[in-house]
1. Among S97, S127, S154, S44, which is the only one that is among the polar types (S, T, N, Q) and over 29 Å from K25 (Cα atoms)?
2. Scan segment 71-80 and give yes if some residue there is among the hydrophobic types (A, V, I, L, M, F, W, C), closer than 23 Å to Q32 by Cα and out of contact with any helix residue (DSSP H, G or I) (no Cβ under 9 Å at 6 or more places or on another chain), otherwise no.
3. Within the bounds of segment 77-92, is there any residue that is touching a residue at least 12 places away in the same chain (Cβ under 8 Å), farther than 30 Å from G23 by Cα, surrounded by 13 or more Cβ atoms within 10 Å (Cβ to Cβ) and of a type in the set (S, T, N, Q)?
4. Name, by its number, the condition in (1) modelled with pLDDT of 95 or more; (2) assigned to a loop (DSSP other than H, G, I, E, B) that does not hold for G151.
5. Within segment 74-99, which residues are part of a helix (DSSP H, G or I) and among the small types (G, A, S)?
6. Residues of segment 125-139 being surrounded by fewer than 13 Cβ atoms within 10 Å (Cβ to Cβ) and under 16 Å from L67 (Cα atoms), which ones?
Amino acid sequence: MKRLALLVISALALGAGTALAEGAKDLVGTWQLVSNVVTKPDGSKTDQFGPNPHGILYFESNGHYVLSIMRDGLPKFAGKGRENGSADENKSVIQGSISHFGTYSVDGDKIVFNVEHATFPNWDGTSSKRPYKIAGDEMSFFVPSASAGAGSSSVVSWKRQK
């Protein structure tokens, strides 16, 4: 009887792991950014990266991801090389882009991003659970603590690429 109970518990545990893996499989592929709408503490909304943002999100089947978003029309640097950017050029680029990479998993209705490194270094080495929804070829996730500033949140929307 004890052995049967262990087998049942093991089967249930394996079933839960399979369900979790199925959720992650739904994410695998390439996603193109549609929008990144930020809600500020005063309730105002804005698309953080402007009306025509560019972005890509890769979820690999091995549990790794890469996300990169940038504003349309970032300024070209007048100097030669990235290290010679003016204060204004550097400010435009850092405020007009975000990238991070690491590993991911799914926990119920949340994507768990385990950020190895980010262009917003406050996220380095952190984990962030972001509620998400997929409907057909569209996905969105909620960022409760957006990089746009204290008290800001955002909804980031994507379209699956084929």
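1. On the way: S97 fails: over 29 Å from K25 (Cα atoms); S127 fails: over 29 Å from K25 (Cα atoms); S154 fails: over 29 Å from K25 (Cα atoms).
Going through S97, S127, S154, S44 in turn, just one is among the polar types (S, T, N, Q) and over 29 Å from K25 (Cα atoms): S44.
2. Checked against the condition, which is being among the hydrophobic types (A, V, I, L, M, F, W, C), closer than 23 Å to Q32 by Cα and out of contact with any helix residue (DSSP H, G or I) (no Cβ under 9 Å at 6 or more places or on another chain), segment 71-80 yields no hits at all.
3. Scanning segment 77-92 turns up at least one residue that is touching a residue at least 12 places away in the same chain (Cβ under 8 Å), farther than 30 Å from G23 by Cα, surrounded by 13 or more Cβ atoms within 10 Å (Cβ to Cβ) and of a type in the set (S, T, N, Q).
4. That leaves (1) as the condition not met.
5. Those that are part of a helix (DSSP H, G or I) and among the small types (G, A, S): A87, S92.
6. The one that is surrounded by fewer than 13 Cβ atoms within 10 Å (Cβ to Cβ) and under 16 Å from L67 (Cα atoms): G125.
The values are calculated or read from the model by the stated rules, or taken from the named source; none is laboratory data. For clarity, every value in this text was computed on a predicted model and none was experimentally measured. Ideal geometry is used to build each Cβ from the backbone, glycine not excepted, and the neighbour counts take in all protein chains shown.
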